[in-house]
Every structure is written in structure tokens, then in C-alpha cells.
1. Any idea which of Pro128, Pro107 is surrounded by 15 or more Cβ atoms within 10 Å (Cβ to Cβ), at pLDDT 90 or above and either under 15 Å from the mean Cα position of the chain (by Cα) or of a type in the set (Lys, Arg) (or both)?
2. Restricting the search to the stretch 66-78, which residues are aliphatic (A, V, I, L, M) and under 20 Å from Ile23 (Cβ atoms)?
3. Has the stretch 137-144 got at least one residue that is closer than 29 Å to Asn91 by Cβ, at pLDDT below 85 and under 12 Å from the mean Cα position of the chain (by Cα)?
Amino acid sequence: MKNIRKIALYMMLGFAVLGGLFIGGTSLSDPGGLRGILWTGAWLFPMVIGSWLAWRRPRIAFPLLLMWSMGILGLLIWQAIAPDWWRTVINSNGPIITIAIFALSVPLTIYGYQRRTRFVSLILIGMPVLSALAASNTSDNDHAPIFHGGSGMAIGLPVFTAGVLYLIASFVDKRDDISDEK
């Protein structure tokens, strides 16, 4: 159903703008200066380039998005295995994996609008769920779980919702892939 796909796509594009402004503003104010600009560029440029590739060059975008997803999966496994080390990384640098999920979710949503919707929906659903599971092992009883849990929830909920909407749309349309990728 095109309307469900449009709702998911527009929701994620709006989320990308609002979330991008918030994350960029936080990065530019907290570390500030050149470091803040570099942190912002580290997620903004891949997100913009991935979104453009997902829309205009899907054959190139699909393997890149899969590699990016597997990289995030590797980081989540690493976070689950070494929670103490990741606690220090998160406390000193911020929620790196959560921002990587944010940056990946927009190109995935753009790609999944017309192509491999069911497959993309499973990735969009799986990333926040696995992030929450890995972060549950990382939290301690101080101020860190509020910040990390809040940012994880703020990023994970729209990504999860877009994944659920795409999953519903893929079953309602009774199609999953389009063979005319350019």
C-alpha cells in the first residue's frame, strides 16, 4: 500500500531533519569547535550520500547499506561482549552506535520505499531492538542510563515504527522486490 510506505518515508525524512538539527546542535555545543564539526560530518555526510545513492543508484546503494548494517551489528555485538569498555566510550564520546543507527535509517528507508521493502523493514526493526538489548548490558546506576536510554529510545522508536510500517506495507502489497533497479 503506497500510503503506508509514504507515511514511513515522510516520517523518517521529518525525523532526519529534526534529529539531525538536534544531534548537530548538541555536537557543535558540547565538544564545540572543529571537533564538533568533525563529529557532525562523520554521520551527516554518509547519511546524505547514502540517501542519494539509495534514491538514484540503488544497485550501488544496496551492498553499501548492507555493509553499513553489518558494521553496526558488529558494534552492537562488541557492546554486548565488552560493556565496561563501551560504557567509557559512551560516557566520553556520546552514543556513537545510536547515531550510526540514526544515520543509516534514513538511507535504508529511502531504499526500502520501492525496493526490498520486507528485507529493509527487518533491518529497521532489528537495529533498535538489538541496540536496546546491547545497551541494557552497558547501563549502570548513575546518570548514564538516562542519557543513553533516552537517546536510544528517541532514535530507536521512529526507526522501529518505520520498520513496522514497511513490514505491514510489504504484506499488504503482496510484493517485496522490484526487479528494475538501475
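The values are calculated or read from the model by the stated rules, or taken from the named source; none is laboratory data. A quick note: this is a predicted structure, and the numbers were derived from the prediction, not measured. Quick reminder, even Gly has a Cβ in these numbers, built from the backbone with ideal geometry, and neighbours come from all protein chains shown.
1. Just a single option satisfies the conditions, and that option is Pro107.
2. Ile72, Leu75, Leu76
3. no
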